[in-house]
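Below is one structure; the comments refer to it alone.
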Amino acid sequence: MAGTLWKTCLLGALVITLLNAEAEAQCDNVIIRDRWSENYRAELTALSPIDFDILTMDWTFSSPVDNVDFYQGPVIKHDDTHFTLHSDIISAKKGDLVTILFIVHFHGDTTPVIISEILNGVPICNGTAPTIQPVATTTEPVVTTTESVVTTTMPVVTTTVPVVTTTVPVVTTTMPVMTTTEPMVTTTEAGVTTTEAVITTTEPVYTTPTPEDNPCEATGMKPYDYSQVLCMSYLFYEAQRSGPLPSDMRITWRGDSGLDDGTDKNVNLTGGYYIAGDHVKFGFPMAFTATMLAWGLIDFADGHETAGQKEYGEAALKWATDYFVKAHPTEYDFYGQVGLSNLDHAYWGRPEDMTMERPSYKIDEAHPGTELAAETAAALAAASMVFWKHSPPYAANLLDVAMQLYHLADLHRLDYDISIPDAQNFYQSINGFGDELCWAALWLARATGDPSYIAKARDHWDEFNFLKSVHANFSWNDKTPGILSLFWMLDNSSEYPDALRNYLVWLKTSASYTPEGLVFLGDQGSNRYAANAAFISLFVAKNGMDTEANQKWAREQIGQLLGDNSRYSRSFVVGYGQNPPKRVHHRARYTHTHQLFVVKADYFPRKIPNI
């Protein structure tokens with residue numbers, strides 16, 4: 001909480017003690033929004049004291065930090081308490097409001113808080129803690145601390161910590177370098193003399209060359225070129241691929257990676273998709289991505305054909321389903337994660353160059369993971385419907401695996417992030433596993449036509465009371481709006497259409513909206529939530545529920561994202577339309593210094609500017 005004072009206690013009133021840390025206060029411009037075990041999500045908001053085009057933020061924490069998640073550029077960890085954030089997509093004029101969202105990961109009972117902030121060389125922390133400057137003689141700063149003298153009626157005690165000098169070989173690169181030299185500062189206080197060494201840093205200049213040729217040609221469709229946008233969307237999935245890559249890749253700067261995945265458990269886990277800008281493969285959100293890709297190909301097949309994207313959509317889906325089949329080596333085993341979040345975040349580089357350990361994690365009868373197994377069952381059941389016409393054996397195998405995983409999910413129930421604890425750092429199942437069980441049963445009912453799965457879905461509906469959360473966001477974490485939609489399609493009871501109509505009425509009349517009219521359902525990827533809600537609205541419109549009203553509302557929402565916003569007059573799809581964003585949250589993109597064209601995946605909940 002902003003302004004909360006974190007105090008150390010003197011244990012002896014008659015003893016003079018030099019403490020390791022003085023009374024420390026979190027900077028008042030930081031608010032901790034959410035806390036969970038050894039992690040917290042926070043927001044820093046400050047008025048910029050200067051004009052700047054590229055953000056550099058130096059932070060000092062009150063106690064050790066494992067790593068910091070910052071989704072708009074790289075984070076440099078100098079030591080356990082000193083971090084530097086860089087972003088070439090954040091700029092400001094003097095007096096502009098600068099907002100930074102971040103997540104802090106640490107170990108132990110003491111919560112580390114930010115006690116010093118330096119924005120592009122200007123201190124902006126308004127807390128009361130001392131500002132501690134790093135000292136370095138080469139390319140990596142090293143911390144030097146001279147602790148102050150404590151003077152009382154007793155003799156003066158002076159403690160001086162010697163300067164630590166570390167020499168790191170300078171990395172030579174063909175890229176231009178940026179050198180910043182700060183003058184040596186000498187300050188004299190009563191009984192204290194502190195000398196800070198000159199800081200010289202050599203860092204690569206982050207540049208973006210002219211983007212490669214866009215393989216997605218404009219079609220002239222008005223008012224928005226949906227065909228081109230859909231094509232550009234599938235490019236993102238190509239850029240996220242792990243494993244040995246095919247020869248027909250349109251993203252030519254990616255190469256083979258993660259070729260040893262699974263070898264720690266003697267299983268082949270190559271393939272699948274990396275998460276967002278990182279290189280961990282998280283199975284739970286990846287499975288929801290696959291379910292949604294399949295749903296679009298099933299119910300909007302004509303649109304894919306018109307846009308010429310059916311082949312690319314199926315390829316994106318199959319890249320996930322092939323991986324899921326590999327991750328299911330036996331009936332009751334399923335591998336749900338490859339990579340360790342902390343190790344991954346300590347590495348900023350191409351996936352092709354990874355050298356860190358990438359452990360594999362699974363669920364089974366003894367270590368259940370209901371959300372993971374059920375969501376993957378939903379994905380495979382939906383995918384079987386896509387591939388049934390032209391690849392019946394493959395589709396049949398997907399359906400068999402889907403039924404096995406649903407049985408595992410329902411028979412052995414436990415939150416998956418208990419069995420795979422590292423998933424709690426990013427993709428904890430906050431609302432439990434009831435929605436995934438019902439969602440999987442409905443997709444199996446649709447794929448098989450077996451009425452027993454409808455009966456199972458009704459049982460889950462009654463058991464978990466989905467009407468209590470009918471206003472949920474439709475995302476990797478909560479499937480409630482999708483459940484309402486499939487029940488309405490597959491079941492003749494009046495209960496489900498009424499629940500679905502109530503949800504859609506709430507979206508149009510009671511949900512929060514931005515000034516431009518974009519539905520605002522959450523601040524961690526607000527555009528994503530709006531697009532997902534628009535998908536539900538288009539699905540029910542296509543199938544006959546209040547067709548005109550639902551289609552109009554959904555088109556307006558997508559229009560906001562593609563450029564129909566008067567305050568910004570810009571597209572929010574990378575590379576498309578008027579004044580679009582130029583960079584995506586993608587580590588491989590940064591290290592390859594190329595542009596992607598679009599971000600479109602529910603596999604990564606990241607914040608995009610709200611319209």
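The values are calculated or read from the model by the stated rules, or taken from the named source; none is laboratory data. Please read all numbers here as calculations on a predicted model, not as lab measurements. FYI the Cβ positions are ideal-geometry reconstructions off the backbone, even for glycines, and counts take in every protein chain you see. Keep in mind that these areas ignore ligands, DNA and RNA; they rest on the heavy atoms of the full protein, side chains included. Shrake-Rupley method; radii C 1.70, N 1.55, O 1.52, S 1.80 Å.
Applying the set (1) within 28 Å of the chain's Cα centre (by Cα); (2) assigned to a loop (DSSP other than H, G, I, E, B); (3) within 22 Å of Asp299 (Cβ to Cβ) to Ser493 leaves exactly one unmet item: (1). Total residues in segment 114-126 satisfying the condition of being of a type in the set (Val, Ile, Thr), surrounded by fewer than 22 Cβ atoms within 10 Å (Cβ to Cβ) and within 14 Å of Cys27 (Cα to Cα): the figure is 2.
Could you count how many residues in segment 456-512 are open to solvent by less than 50 Å² (accessible area, probe 1.4 Å), closer than 19 Å to Tyr406 by Cβ and of a type in the set (A, V, I, L, M, F, W, C)? Residues meeting the conditions: 8. If we keep just the residues of segment 456-467 that are within 30 Å of Ser526 (Cβ to Cβ) and more than 27 Å from the chain's Cα centre (by Cα), which is modelled with the highest pLDDT? Here the residue is His460.
Scan segment 261-274 and give yes if some residue there is out of contact with any helix residue (DSSP H, G or I) (no Cβ under 8 Å at 6 or more places or on another chain), open to solvent by 20 Å² or more (accessible area, probe 1.4 Å) and at positive phi, otherwise no. Within segment 261-274, one or more residues are out of contact with any helix residue (DSSP H, G or I) (no Cβ under 8 Å at 6 or more places or on another chain), open to solvent by 20 Å² or more (accessible area, probe 1.4 Å) and at positive phi. Of everything listed in (1) open to solvent by 40 Å² or more (accessible area, probe 1.4 Å); (2) touching a Ser or Thr at 6+ places or on another chain (Cβ under 6 Å), the single unmet condition for Leu55 is (1). Just the residues that are modelled with pLDDT under 85 and in contact with a strand residue (DSSP E or B) (Cβ under 9 Å, 6 or more places away or on another chain), please, taken from segment 22-36. Listed by number, the residues that qualify are Ala23, Glu24, Arg33, Asp34, Arg35. Residues in segment 244-294 that are more than 28 Å from Val75 (Cβ to Cβ), of a type in the set (S, T, N, Q) and in contact (Cβ under 8 Å) with a residue 40 or more places away in the chain: Thr252, Asn268, Thr270, Thr291. One residue stands out among those in segment 406-455 that are more than 27 Å from the chain's Cα centre (by Cα) and of a type in the set (Gly, Ala, Ser): the one that is farthest from Thr370 (Cα to Cα), which is Gly449. Considering only segment 85-113, state which residues are assigned to a loop (DSSP other than H, G, I, E, B), polar (S, T, N, Q) and open to solvent by 40 Å² or more (accessible area, probe 1.4 Å). The answer is Ser91, Thr110.
The set of residues in segment 57-79 that are of a type outside the set (Phe, Trp, Tyr), within 14 Å of Val113 (Cβ to Cβ) and out of contact with any helix residue (DSSP H, G or I) (no Cβ under 9 Å at 6 or more places or on another chain) comprises Thr60, Ser62, Ser63, Pro64, Val65. Return a yes/no flag: does segment 564-581 have any residue that is within 18 Å of Tyr234 (Cα to Cα), open to solvent by 40 Å² or more (accessible area, probe 1.4 Å) and of a type outside the set (Gly, Ala, Ser). There is no residue in segment 564-581 that is within 18 Å of Tyr234 (Cα to Cα), open to solvent by 40 Å² or more (accessible area, probe 1.4 Å) and of a type outside the set (Gly, Ala, Ser). Residues in segment 37-51 that are at pLDDT 90 or above, loosely packed, with under 15 Cβ neighbours inside 10 Å and not aliphatic (A, V, I, L, M): 2 in all. Suppose the filter is at pLDDT 90 or above and surrounded by fewer than 16 Cβ atoms within 10 Å (Cβ to Cβ); does Pro515 pass it? So Pro515 passes the test. Residue-level analysis places Glu357 outside the set of residues that are in contact with an Asp or Glu (Cβ under 9 Å, 6 or more places away or on another chain), open to solvent by 40 Å² or more (accessible area, probe 1.4 Å), in a helix (DSSP H, G or I) and under 30 Å from Val75 (Cα atoms).
Reported count of residues in segment 550-580, each being hydrophobic (A, V, I, L, M, F, W, C), in contact (Cβ under 8 Å) with a residue 40 or more places away in the chain and in a helix (DSSP H, G or I), is 4.
Of all residues in segment 448-481, those being in a helix (DSSP H, G or I) and more than 21 Å from Leu411 (Cα to Cα) number 5. With respect to (1) open to solvent by 10 Å² or more (accessible area, probe 1.4 Å); (2) part of a helix (DSSP H, G or I), the lone exception for Trp443 is condition (1). Select from segment 63-84 the residues that are among the aliphatic types (A, V, I, L, M) and either open to solvent by 50 Å² or more (accessible area, probe 1.4 Å) or assigned to a strand (DSSP E or B) (or both) and list them in ascending order. Within segment 63-84, Val68, Val75, Ile76 qualify. Entry remark, segment 25-53: residues being of a type in the set (Gly, Ala, Ser) and not in a loop (DSSP other than H, G, I, E, B) number 3 in total.
The one condition from (1) modelled with pLDDT of 95 or more; (2) open to solvent by less than 60 Å² (accessible area, probe 1.4 Å) that Ala366 does not meet is (2). If you go through segment 369-400 and keep only what is open to solvent by 10 Å² or more (accessible area, probe 1.4 Å) and in a helix (DSSP H, G or I), you end up with Met385, Val386, Pro392, Pro393, Tyr394, Ala396, Asn397, Leu399, Asp400.
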